Structures are given as structure tokens and as C-alpha cells.
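K.L.:
First, the structure itself, so that you have it in front of you.
What follows is calculated from the coordinates using simple rules that are stated; it is not laboratory data. If you're wondering where the values come from, they're calculated on a predicted model, not measured in any experiment. Quick reminder, even Gly has a Cβ in these numbers, built from the backbone with ideal geometry, and neighbours come from all protein chains shown.
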Amino acid sequence: MTNPMPEPTTATVIRKIPGGKLVRMEITHTEPPGRIIQAKITGDFFLHPEETLELLTEVIQAATLPLDPVALQAQLETVLAENNAQAIGFQPADLVSMLEEALA
């Protein structure tokens, strides 16, 4: 008999970024060994072009667990750079930190 699939867990982290804006991250994931099923980032920050938010979310959803925060931050920075995107109100490191908190 196989083990049943673990129920997904949803965690929400809301953070006022120092010197920045309010950012909300909602993560749905399975328990260890775990994987991220869904990620959603909202808030009163600015991101131009706006489509970059979907790309950042895709990178977060594709992150392998256990999380490698240095690699993930580099991937998020690459997405911003490759799309000539400007994020006003948060940095990639803020998203990584929030993801770590959501997965804890």
C-alpha cells in the first residue's frame, strides 16, 4: 500500500519592507520533501513592466526544496535584469526571505 499524498499547506506572509512597500506572498506547498504548488505575490509595490511579476512568480514556484536562498535570489535578479524591469518597494532578497518564512 502506498502512502497517501500529503495535504497541501498554504502560508501567507505579509511584510512592510523597510523603506519600501507592503508585500504579501501566499505559498501553497506540500510537506517535506515538499514542493511549491502555487505562489502569489501582491502588494502596493511597483514593478515595470508588470508582466515581470508573473515571471518572478514562476521562478518561485519552480524553486526546489530544500530551498537554496542564494541561487533563488540570483534567479530572481536575473529575471529583473533580462527584462529591464524595475522593482520599486522590494528587492529579490525580500522575496526570498518571505518565501523562507512561508516554508518554515
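K.L.:
Of the residues that sit in the stretch 1-60 and are free of Cβ contacts under 8 Å to residues at least 12 places away in the same chain and either in contact with a Cys (Cβ under 9 Å, 6 or more places away or on another chain) or not in a loop (DSSP other than H, G, I, E, B) (or both), which one is surrounded by the fewest Cβ atoms within 10 Å (Cβ to Cβ)?
P.N.:
It comes out as GLU54.
K.L.:
If you don't mind, there's one more thing I want to ask. Can you name the residue in the stretch 82-96 that is of a type outside the set (Asp, Glu), without any contact (Cβ under 8 Å) to a residue 40 or more places away in the chain and assigned to a helix (DSSP H, G or I) and, of all such residues, is surrounded by the fewest Cβ atoms within 10 Å (Cβ to Cβ)?
P.N.:
ALA93
K.L.:
The conditions are (1) among the aliphatic types (A, V, I, L, M); (2) out of contact with any Pro (no Cβ under 9 Å at 6 or more places or on another chain); (3) surrounded by 15 or more Cβ atoms within 10 Å (Cβ to Cβ); (4) not in a loop (DSSP other than H, G, I, E, B), and ALA63 fails exactly one of them. Which is it?
P.N.:
(4)
K.L.:
With the structure loaded, tell me whether ALA71 is within 10 Å of the chain's Cα centre (by Cα) and not hydroxyl-bearing (Ser, Thr, Tyr) or whether it fails that test.
P.N.:
Taking the combined requirement at face value, the residue does not satisfy it.
K.L.:
Just checking, does the stretch 81-90 include any residue being farther than 12 Å from ILE41 by Cβ and under 13 Å from the mean Cα position of the chain (by Cα)?
P.N.:
No, every residue in the stretch 81-90 fails to be farther than 12 Å from ILE41 by Cβ and under 13 Å from the mean Cα position of the chain (by Cα).
K.L.:
Follow-up question, since we're still on this one. Condition first: crowded, with 16+ Cβ neighbours inside 10 Å and outside any helix (DSSP H, G or I). Now tell me which residues in the stretch 66-81 satisfy that.
P.N.:
Within the stretch 66-81, just LEU67 meets the criteria.
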